[in-house]
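Have a look at the structure below, then the notes.
Computed from the coordinates by the stated procedures, all read-outs in this text should not be read as laboratory data. Just so it is clear, the model here is predicted, and its values are computed rather than measured. Here the Cβ positions follow ideal geometry from the backbone for every residue, glycine too, while neighbour counts run over all protein chains shown.
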């Protein structure tokens, strides 16, 4: 894709996507706002600037692939797919309905544009590594992008896949860690400390970049450096804020998921906070 890089435009796109996430969750009454809001800047960068995709031809064999390994944050993926034209925006308001194409976790059999079903933490990343290896075997030049959460790094399967990707020198694989420091029960460092994250990935043989995951210039610079390096897989460790963009939700583990349905009044208040803009 690689349109002209315009961080201001991407910032506005991300703000609009955040608004759609709030509207979706208010309508559904359930879901995961915190991690969806923390990851959406990276998702916006990939879908509006970086990835080689064609929404009019969603099964194009040479497209870049995206895997949302932290599948509970499906709202972030769904709003991107709808606004890029993979399916009508009206479908967004059916989130988690029993007959909806938009279930609580991404399902490649149900949702146009989803490249891999995910949900059980760590398994999406393993699948992404397998897709990258398959591309290598088939001599395809597409790239695989995958977003993981910092809490997801507590899963052993992540490190098995990380070791395999390094062993097979999968330089067509770019992982982005949504390091928002929180999970459903509190701080990741207190529950099962994944730190130091960057050093662990370096030890597994990955090229590592540490950035502010809400700064589009830093996201852009890191991804372009990943594109320029060959011989090993790449990981971008992105420092983020849970609930980013909605100050009353930011940094609060209670907003990992909706403990109770979001009222219409609450949703309007959150949208008003977003209307004032999201500062990187």
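May I ask what percent, to the nearest 5, of DSSP beta bridges between residues of the chain are antiparallel?
Looking only at bridges with both residues in the chain, the antiparallel portion is about 10 percent.
Let me see the pair-distance distribution of region 87-219: every alpha carbon pair, 10 Å bin width, integer percents in order.
11, 35, 35, 17, 2
Cα-based Rg of region 185-267 per 2.2 N^0.38 Å, rounded to two decimals?
1.41
Region 17-87: percent of C-alpha pairs farther apart than 17 Å? It would help to have the intermediate numbers written out before the result.
Details: 1025 of 2485 pairs.
Beyond 17 Å sits 41 percent of the P(r) for region 17-87.
Per-residue counts of other Cβ atoms within 10 Å, averaged by peptide: what ranking do you get for 239-245, 206-212, highest first? Don't skip to the end; give the middle numbers.
Working: 239-245: 23.9, 206-212: 19.0.
Top to bottom by mean Cβ count within 10 Å: 239-245, 206-212.
Build a GNM of the chain with springs between Cα atoms under 10 Å: which of 125, 142, 66 gets the top mean-square fluctuation?
Looking only at 125, 142, 66, the largest GNM fluctuation is found for 142.
Please report Rg over Rh for region 1-122, where both radii come from the alpha carbon positions and Rh follows the Kirkwood definition.
0.93
Can you compute the FRET efficiency between residue 229 and residue 168 using 1/(1 + (r/R0)^6), with r the Cβ-Cβ distance and R0 = 22 Å? Round to the nearest 0.05.
Numbers: r = 16 Å, r/R0 = 0.72.
Given R0 = 22 Å and the Cβ-Cβ separation, E is 0.90.
If you take every DSSP beta bridge fully contained in region 128-215, what fraction is antiparallel? Give it as a percent rounded to 5.
Roughly 25 percent of the beta bridges in region 128-215 run antiparallel, per DSSP.
Take the eigenvalues of the Cα gyration tensor for region 73-159, scale each by 5, and report the square roots as semi-axes in whole Å, largest first. Spell out each step's value before the answer.
Working: eigenvalues 122, 60, 21 Å².
Over the Cα atoms of region 73-159, the semi-axes work out to 25, 17, 10 Å.
Go ahead and estimate [θ] at 222 nm for the chain from helices alone: -39,500 (n - 2.57) per DSSP H run with n ≥ 4, summed, over the residue count, rounded to 500.
The helix contribution divided over the chain gives -12000 deg cm²/dmol.
Over 5 Å intervals from 0, what percent of Cα-Cα pairs in the chain sits in each interval?
Once binned at 5 Å, the Cα pair distances of the chain give 1, 6, 13, 18, 20, 18, 13, 7, 2, 1, 0.
Measure of size requested: the Rg and Dmax of region 144-237, with Cα atoms as the atom set and Å as the unit; please supply both.
13.0, 39
Provide the gained length on full extension for the span residue 199 to residue 160, in nm with one decimal, where the gain is 0.36 nm per separating residue minus the Cα-Cα distance.
Stretched out fully, the residue 199 to residue 160 stretch lengthens by 12.4 nm.
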